[in-house]
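Remarks on the structure that follows.
The values are calculated or read from the model by the stated rules, or taken from the named source; none is laboratory data. This one's a predicted model, so the numbers in the text were calculated from it and none came from an experiment. Cβ sites come from the backbone with ideal geometry, for glycine too, and all protein chains shown count toward neighbours. Heavy atoms of the whole protein, side chains included, go into the accessibility calculation; ligands, DNA and RNA do not. Shrake-Rupley method; radii C 1.70, N 1.55, O 1.52, S 1.80 Å.
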Amino acid sequence: MSDSPTDPDDYDLKALLEAQRAYFRLGSTRSVDFRKERLVGLENELVKRSDDLLAALASDLGKPALEAYVSEVFFSIAELRLVVKKLSRWAKPKRVGNPFYYWPARSEIRHEPYGNTLIVAPWNYPIQLSLSPLIAAVAAGNTVVLKPSELAPASSAILADIIKAVFNPQHVAVVEGGAELGKTLLEQSFDYWFYTGSERVGRLYGEAAAKCLAPITLELGGKCPVVVAGDAPIEATVERIMTTKFFNAGQTCIAPDFVLVPSHQHKAFVEAAKAALESAFAEDPRENLAHIVNEDHYDRIRSLIPLEAIRIGQDNPEERFLAPTLIPYSTWESPAMQEEIFGPVLPIIPYHDIDEEIERLSRMPSPLALYVFSKQNDFLEAVAAAVPSGSICFNDVIKQATNLELPFGGVGASGMGRYRGKAGYEAFSYERAVTKRWFCKDPFLVKPPYGDRLEKLRKLMK
Ligand code: NAD
């Protein structure tokens, strides 16, 4: 951790929030130029501290440097650049028409900041999942309290340093700590809440936001299915699933959680998957695969692996390194199918009747992402129609969630609300309806005595 306090009692949250509210009322954050200037400052700091960020991610999660750079540092910088480039356009009030009976009038929609916002982040992409909502909140003109996850302490500490270097704490402040600090945050009042993490804790934030009658974005998890149809080319399908499933050792909310494969292609699929893992991890597995975040998660994931699993290399509990694993003959009853895996373990379920499987998926909690592989567009669309999900990617995995032009978020059990790029700016602002009129005679005033005006109006509307 940084030298910031980590005990909830060490933070005077009330005073911090008062200071942020006063700062917001002063109006500094209303200037789009000011917001852009702060975001450029953040970009410069990220570029400057890029190596420190990679070191923090290696210390917290053993993230291979390339994975850390692509998914955390580069991704955040790319989002900053996009937002700075487009912010003036997004922030421009949008003129809309007026009913003729209000003439003369001018109406427009303005995006307004909510005020003071809270962002609570998880540990799996501790930089990106803290900064992406933070960028959106600042772009929209809010003040921010960010609580990173205590399970990625080095990342939390460097985030605190970076934010301190760029922002006045009355504008953006990082508070470091775990569940105890989280509980204290739940007792405060925020104008907008943004939470990423587990469903269980997400409910607590949902209740706290409801108590303030404030909106909330909930970015939750769940089991993301992969459906492979009989006509999907095995080699390309396996290559795409394997590459992304094991990124960050499977500790990705939109990672493929399990794969449904037609039984006649099951053997070929498993062989190709095993070969892909061997080619990726047989040499230097520790250099190429992240570690599990802590002992609890390590033991939890380890307990889901059956004896007959295919494992590439050796586990190392001291380093919380779990060998990449396939469960080739998984069933819906397997332990790994009873919860979100969130680790380098992939169950493969052979199926006979695709309609039955789709029916089952449609009754499961809605996942954050759904992946379908087929050459038949009708099949792809039929699965999309039957199984609701926050996002969907046809014939690949995760690509839909790394495109800053697309909104990101869940539905049902996987969350609510959207962010990233423009969607983030929109999430952290509300649309204010504005009408201006002039002091001239009102031609269509609805004012007693009404006399025969109803009849005249009816004729006019014919
Ligand atoms: P978590 O719920 O344990 O922690 C998330 C945050 O909540 C942390 O900052 C933590 O300190 C805080 N917290 C924990 N207990 C609390 C309490 N009692 N009161 C107040 N705050 C508390 O989640 P996690 O383990 O960090 O994340 C894993 C989950 O998050 C997985 O289910 C994953 O799918 C999901 N996830 C979703 C997304 C997404 O974008 N939808 C992204 C990453 C992770």
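Tabulated results
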item: Principal semi-axes in Å for segment 326-411 [√(5λ), Cα gyration tensor, largest first]; result: 21, 17, 13
item: Accessible area in the full protein assembly, largest first, 1.4 Å probe, for Met242, Met461, Met364, Met416; result: Met461, Met416, Met364, Met242
item: Order by protection proxy (mean Cβ within 10 Å, highest first), peptides 94-100, 150-156; result: 150-156, 94-100
item: Bridge type composition, the chain - antiparallel percent by DSSP, nearest 5; result: 35 percent
item: Segment 167-222 - Rg (one decimal) and Dmax (whole number), Cα, Å; result: 11.7, 37
item: Ellipsoid semi-axes in whole angstrom, largest first, where each is sqrt(5λ) of the Cα gyration tensor of segment 120-169; result: 18, 12, 8
item: Taking N as its residue count, the alpha carbon Rg of segment 159-278 over 2.2 N^0.38 Å; result: 1.56
item: Mean projection area, nm², convex hull over Cα of segment 1-156; result: 11.5 nm²
item: Calculated log₁₀ intensity ratio I(q)/I(0) where the Debye formula runs over C-alpha points of segment 213-321, q = 0.09, 0.13, 0.14, 0.23 Å⁻¹; result: -0.29, -0.58, -0.66, -1.49
item: Percent RCO, i.e. relative contact order, over segment 225-406, from Cα pairs under 8 Å lying at least 6 residues apart; result: 28 percent
item: Candidates per chymotrypsin sites (Phe, Trp or Tyr not before Pro) in segment 327-374, loop by DSSP, up to 16 other Cβ within 10 Å; result: Tyr329, Trp332
item: Probe 1.4 Å, all protein chains present, accessible-area order of Trp438, Trp103, largest first; result: Trp103, Trp438
item: Relative contact order of the chain, pairs being alpha-carbon contacts under 8 Å that are 6 or more residues apart, as %; result: 18 percent
item: Simple label model, 7 Å out from Cα along Cβ direction - Glu319 to Ile109, nm; result: 5.2 nm
item: Mean shadow area of segment 341-462, taken as a quarter of the surface of its Cα convex hull (nm²); result: 15.6 nm²
item: Antiparallel bridges, percent of DSSP beta bridges restricted to segment 225-406 (to nearest 5); result: 15 percent
item: Segment 22-65-segment 158-222 distance, computed between alpha-carbon centres (Å); result: 17 Å
item: Global form of segment 62-117, assessed from the alpha-carbon gyration tensor, a/c cut-off 1.5; result: prolate
item: FRET efficiency, 1/(1 + (r/R0)^6) with R0 30 Å, evaluated for Ser303 and Ser263 via beta carbons; result: 0.65
item: Fraction of accessible area attributable to carbon and sulfur, segment 225-406 (%, probe 1.4 Å); result: 50 percent
item: Range of Cα positions in segment 205-256 per principal axis (Å), largest first; result: 52, 24, 12
item: Alpha-carbon gyration tensor eigenvalues x 5, square-rooted, for the chain, Å; result: 44, 31, 19
item: Computed over segment 83-147, Cα set: Rg, Dmax in Å; result: 17.1, 55
item: Order by protection proxy (mean Cβ within 10 Å, highest first), peptides 128-140, 393-405; result: 128-140, 393-405
item: Solvent-accessible heavy-atom area per residue, rounded to whole Å², over the chain at 1.4 Å; result: 47 Å²
item: For segment 379-428: Kirkwood Rh in Å [reciprocal of mean 1/r, alpha carbons]; result: 11.7 Å
item: Cα-based Rg and Dmax for segment 225-406, where Dmax is the largest Cα-Cα distance (Å); result: 15.6, 49
item: Centre separation in Å (Cα based) which lies between segment 79-116 and segment 397-455; result: 10 Å
